[in-house]
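Data first, discussion second: the structure below is written as structure tokens.
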Amino acid sequence: MVLRFRKLYFTEPTLSKSYESYETPKDEKKQATEKPKAEKKQEKGERNKKRIRWGCVNSCCWFIGCMCTTWWLLLFLYHCLPANLGVLKGPEPPGVRLKNEGLTALHPVVLVPGMVTVGLELWEGRPCSQGFFRKRLWGGSFTGILNRPLCWLEHLSLDKETGLDPPGIRVRPVPGLVAADYFAPGYFVWAVLIENLASIGYEGKNMYMATYDWRLSFQNTEIRDQTLSRLKANIELMYVTNGNKKVVVVPHSMGVTYFLHFLKWVEAPPPMGGGGGPGWCDKYIKSIMNIGPAFLGIPRAVSSMLSAEGKDVALIRSMDPGFLDSEILGLKTMEHMMRVIRTWDSVISLLPKGGDPIWGDLDSAPEEGHVCGFETKGFFQSNSRENNDSRNKDTRPRIEIKHGAKYGRMISFGKEASEQHSSKLHKVAPMELMQAVSNATCGEVWTEYGKINRQNIQKLADNKAYTAETFIDLLRYVAPKTMQRAEAHFSHGIATDLDDPKYGHYKYWSNPLETKLPYAPDMEIYSLYGVGLPTERSYVYKLSPSDKCDSIPFRIDSSAEGGCLRGGVYFTDGDECVPVISAGFMCAKGWRGKTRFNPSGIATYIREYQHSPPSLLEGRGLKSGHHVDIMGNAALIEDVLRVAAGASGEEIGGDKIYSDILRMSDRVNIEL
Amino acid sequence: MARRRRGGGGGGGGDAKKPTTSDQHHPPQKGKKAQQKTTEKEKNPQDFNDHHHHHQAAKKLKTENKKKNWSCVDSCCWLIGSICSIWWFLLLLYNAMPASFPQYVATALTGKIPDPPGVKLQKQGLKAKHPVVFVPGIVTGGLELWEGHPCMDGLFRKKLWGGTFGDLYKRPLCWVEHMSLDNETGLDPPGIRIRPVSGLVAADYFAAGYFVWAVLIENLASIGYEEKNMYMAAYDWRLSFQNTEIRDQTLSRMKSNIELMVATSGEKVVVIPHSMGALYFMHFMKWAEAPPPLGGGGGSDWCAKNIKAVMNIGGPLLGLPKIVAGLFSAEAKDIAVARAVAPGVLDKDIFGLQTLQHAMRMTRTWDSTMSLIPKGGDTIWGTLDWAPEAGHDCVSMKVNNNENHTSGENMKQDSNSSKAVNYGRIISFGKDVASVHSSKINSVEFRGSVKGYSCANSTCRDAWNEYHDMGIEGVKAVEDYQVYSADSVLDLLHFVAPRMMKRGGAHYSYGIADNLDDKKYQHYKYWSNPLETRLPYAPEMEIFSMYGVGLPTERAYIYKRSPSADCYIPFQIDTSADGGTDQNCLKSGVFSVDGDETVPTLSAGFMCAKGWRGKTRFNPSSIKTYIREYNHAPPATLLEGRGTQSGAHVDIMGNFALIEDVIRVAAGSNGTDLGGDRVYSNIFRWSESINLQL
């Protein structure tokens, strides 16, 4: 805002002066031409020319000088401005208000950042990265990417075989609060929450940012960096130094599943786990306040694995959205991106979990009947009201069937395929395709697509529609190596028998549908997320026209429109990144009460935050429901602060629901 | 090339401008007056003519009045514009320059630059083995704001100390207020929370471009260290050591982190304290083993289990004479500050007229400074007529004096007979008093003397310090005592700053223990004094003392009363006192001795040279000690920056030989692998002359 203000001021003087400047060269010329006449001395013509040419440079310089001085003047004035006069006073931040109410820091707080938002810095690199030692490669100003894009990509990639560091390259997460307070300059992630926590008395000693290398699979962060051990030691330390107060954990986005993994890891016996014993979580953790949790994965990961097209939120925002699509890295931006992304095991952890029972089959999905309110913002409010009045599902709001998008079809080839009834769809089991001979036709293999020949790709497209389950098969076919590597670390199914000893393996720990929560009856689990924003749920694909063998053969069909379908993407309710079903289902149903996933009956709460766009002065909004911006949502911050200061879930008001989550969950039919 | 061309264009522009700019010196309205003046002043007809012409020209252009006025702004703008564009152009060139270019130029100019030690050792096959813990010293750790008064709005989690010090300039009084601690408790004043920055960033660079740990970190990184096996034990260096635990639980955090690193790597840690960090870590070792209410409850074998080696860099184990002057008259600034915040700043009167008073008021609330008061009293630091360093020759110091080592005995006698400096007299009033034999000094006891009430109390307002309670009688009493040795300096400080010393007395002690088994030595106030504690039982541990030598280091001072009374600090160093040729150790009121510019060799080396060497009562498990000295050599070329062979207190962190030693130990070597002692100074001879029961 201030910037804008300044610009207004800024253009005025320059405009008026540039008029004058327009006159000066003329004047100069006049003088220049007059003088030689009057004096009639040597080097007439030569000088004359020079001066005219110089006149141009001169006015240029003048203009720049003018701009600079006014800029400096304004900057100076701005700095002279008393701090409290500068900007119009916004509303009191929640931290200050709660401090006045008498809240003080009680429970230590652990922040677990999500994917992408943590900065990564260079510790060892190739010669091309000289001078970047301990500078951020990821996060901050991204100067590296601009100076030497290929070098940058090389350093951010992991080893294709092991999913760990490539030889000679060490890129490590930034430690401490600075790691994720701001993602890029001015783009806050945790900073607002930290500042509000600080105003009720938090500081370095009772606030810990559990940063980890978000590119690695969760278990690998322990193997390479001992990140989980560090987290355990720090929680224990804070518990002891803060008068035996349990910690409140605040994970965000992928941090949620990371922390789920930690819960299991910490209680597991030593070779694979942290050896904390079965009572560890009960002893040390008061509550887990998941912000924008991607418990059951996000459909966006589907498209990013298949065609590198779904980019994560923070990334898009910080670098302008067109950046990745424009072809600054030569002609293969997307291919390069895909190659890098496919080395990151953690992306696989975000693939939708639970298969068809959760995400729907070809003909039905829990979100069925969702009406998309692209135009009508009021829709969600009215909907929620209905929802609150009448929780009985038989009074379904007047939803016309024609709107009913078939969300279960994660990927369909062509718009028609996304709408037809399943019986009309042409089906080829991907398993059959697996047997089809694929011979490498390309010399330089960028992505694994190079190994698949064109006919097989055509066959894949002929299959028309993929659900959450069959999609995994599809991925196994198009990216066999990636999936082989990653599936040693993650699993996406639903357990039939949780007592099966195989579930002791770490690859199941981050999937809430294949693990039991630890025994900790006093613990509380919150699900805090935004609603009211269209969120990617399923995609309409087409074959990409180019026949070059390196290129990605699939592409989102951005021409497909209609209803909830926009630019080839079906939208549903959520926080623009995580659909409601993924964020809310576990707390709404999977873990509610005593279930087989939650044997000790840990209390769960759902707190939804209705999105409303910010006014101009608010920056990114005090009421935002957006996946990252929600970290600045005043209501959410208040909830976190109250719990950190000792309140329980009941005391902050129990559930607060605006979306259809309860009805959707009811429609999901899994054994509990 | 391009720049030159531009410059040429600029020159041409200047030519063309000439008439207009000179017109502008005689604006048409004032033209007549100006002309009259010139005619009066300048009698040279030609000059007159010249001006006349100009005047005519001015008349001619009178019609273009407005344009003339504008031309002033114009030329200014033009100048700025051209400077800016040249600057941007160069910046662009700089950015477009290939990364290897500066190196190429450097090699072209000076020949091949040797590999930094990290790279060299990596090529030799050294790998990260033992986790490393850094303990930064006073001043070098960054401090950031967590809660403050309204005048600090918008600086949440910004560095107040370290970095650019921008706020010191913008709001000096507010800054001083925030940096001060409560003068009763030595903890936070109400409503203000300043906390140390955590992580490696806390002390890698003190100010932009002024490295502290950065070089060492980078070299360690090249043999494979990274965040998981390097830990910066940042603490609030303003607090007394025990208070860092009480307020921030810093000691607990350090203990937990060491244990974590030992557990995850399976190797003991190598601890590298710098400067005051050496004392802090002494305190930590005792704390970690002490039972819970007061200590960390690690048990008596904690150090043996977790620590491989302690490598003190420039550790003032026995205190600093510099701090005496600092506390007494706020005149000795610690190097890092003085360097970073341009040396003149504190002396100039940017706070009005009371810069030093404010600085003193602030530093006197910092308990940690009192940990650096010389310890061991007269036994270590010398009496009025004797000091261990007696006979030190300040001229030969600059030459390598390790060759002299053998002929030391002779030299000692020689110099003793000539003009010996009485280093034992840490403070003397007047140059004569400093050199005369003690029997001739006529000192009047000050300890019991009555302090008068200050007459000027009201006028000094906010620049409070305890001198105002002393009155003229008190000041006079101090001066009349004339000479102070290390023991009496303590009494002096008690006299001039009773409240501060009382606060500090609860946290630190400066004596020598008679009987270490005495129960009282379990109190934490003795833990940071190596002469009043035993080292922990850890026979396999090693203690290194690494420090620079070959730089003149403050050791004793000549004071005088400051001429103005009232609000000023009543004493100041007599900068006019100069030794001349026969007393070359005296320069502007300060007697200097060998050391690293901050810590005298005696303080850094004595414990490892004698106090802890072998099995002594201070070192019951005979922990091995090594002395590694680094002779100072100024940077050879400008390209070296602060030097790769520096021995200065902070710059030594970039000394290649020191870095190599650290890396070798971290990679698993022990002291004898490194080559045992490496001594250039007279430390062994000096230690020998100290008569301390061991």
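The values are calculated or read from the model by the stated rules, or taken from the named source; none is laboratory data. Quantities reported herein were computed from a predicted structural model and do not represent experimental measurements. Please note: Cβ atoms are built from the backbone with ideal geometry, for glycine as well, and neighbour counts cover all protein chains shown.
Structural remarks
- Some residue of the stretch B:252-267 being touching a helix residue (DSSP H, G or I) at 6+ places or on another chain (Cβ under 9 Å), in contact (Cβ under 8 Å) with a residue 12 or more places away in the chain and in a loop (DSSP other than H, G, I, E, B): yes
- Checked against the criterion of being surrounded by fewer than 22 Cβ atoms within 10 Å (Cβ to Cβ) and either under 30 Å from B:Leu216 (Cβ atoms) or at pLDDT 55 or above (or both), the candidates B:Lys398, B:Lys322 yield just one match: B:Lys398.
- Search result, residues across the stretch B:268-316 that are among the basic types (Lys, Arg) and part of a helix (DSSP H, G or I): B:Lys286, B:Lys305
So that you can scan it fast, the table gives a plain yes or no per residue for (1) of a type in the set (A, V, I, L, M, F, W, C); (2) surrounded by fewer than 22 Cβ atoms within 10 Å (Cβ to Cβ); (3) under 27 Å from the mean Cα position of the chain (by Cα):
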residue: B:Val201; (1), (2), (3): yes, yes, yes
residue: B:Tyr225; (1), (2), (3): no, no, no
residue: B:Lys228; (1), (2), (3): no, yes, no
residue: B:Ala234; (1), (2), (3): yes, no, yes
residue: B:Phe241; (1), (2), (3): yes, no, yes
residue: B:Glu259; (1), (2), (3): no, yes, no
residue: B:Ser265; (1), (2), (3): no, yes, no
residue: B:Lys268; (1), (2), (3): no, no, no
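- If the condition is being assigned to a loop (DSSP other than H, G, I, E, B) and closer than 16 Å to A:Cys577 by Cα, then the stretch A:616-646 contributes A:Ser624, A:Gly625, A:His626, A:His627, A:Val628.
- Across the stretch A:152-185, the number of residues qualifying as among the polar types (S, T, N, Q) and surrounded by fewer than 17 Cβ atoms within 10 Å (Cβ to Cβ) comes to 1.
- Positions within the stretch B:661-694 being crowded, with 18+ Cβ neighbours inside 10 Å, of a type in the set (S, T, N, Q) and not in a helix (DSSP H, G or I), in sequence order: B:Ser681, B:Asn682
- Within the stretch B:75-96, none of the residues are modelled with pLDDT of 75 or more, surrounded by fewer than 19 Cβ atoms within 10 Å (Cβ to Cβ), within 29 Å of B:Glu259 (Cα to Cα) and not small (Gly, Ala, Ser).
- The stretch B:574-603 - residue that is of a type in the set (Gly, Ala, Ser) and within 19 Å of B:Gly391 (Cα to Cα) and, of those, modelled with the lowest pLDDT: B:Gly580
- Test result for A:Arg555, of a type in the set (Lys, Arg), at pLDDT below 90 and under 26 Å from A:Ser253 (Cβ atoms): no
- Residue list for the stretch B:620-634, filter: surrounded by 22 or more Cβ atoms within 10 Å (Cβ to Cβ) and over 17 Å from B:Asp661 (Cα atoms): B:Ile623
- Residue within the stretch B:159-167 that is acidic (Asp, Glu) and farther than 30 Å from B:Val269 by Cα present: yes
- Exclusive hit being within 30 Å of A:Ala268 (Cα to Cα) and free of Cβ contacts under 8 Å to residues at least 24 places away in the same chain, set A:Lys516, A:Lys502: A:Lys502
- The stretch B:649-660 - residue that is surrounded by 24 or more Cβ atoms within 10 Å (Cβ to Cβ) and touching a strand residue (DSSP E or B) at 6+ places or on another chain (Cβ under 6 Å) and, of those, nearest to B:Gly137 (Cα to Cα): B:His649
- Some residue of the stretch A:459-473 being in a loop (DSSP other than H, G, I, E, B), over 24 Å from A:Ser423 (Cα atoms) and in contact (Cβ under 8 Å) with a residue 40 or more places away in the chain: no
- Among the residues of the stretch A:565-595, those that are over 21 Å from the mean Cα position of the chain (by Cα) and free of Cβ contacts under 8 Å to residues at least 12 places away in the same chain comprise A:Gly593, A:Lys594.
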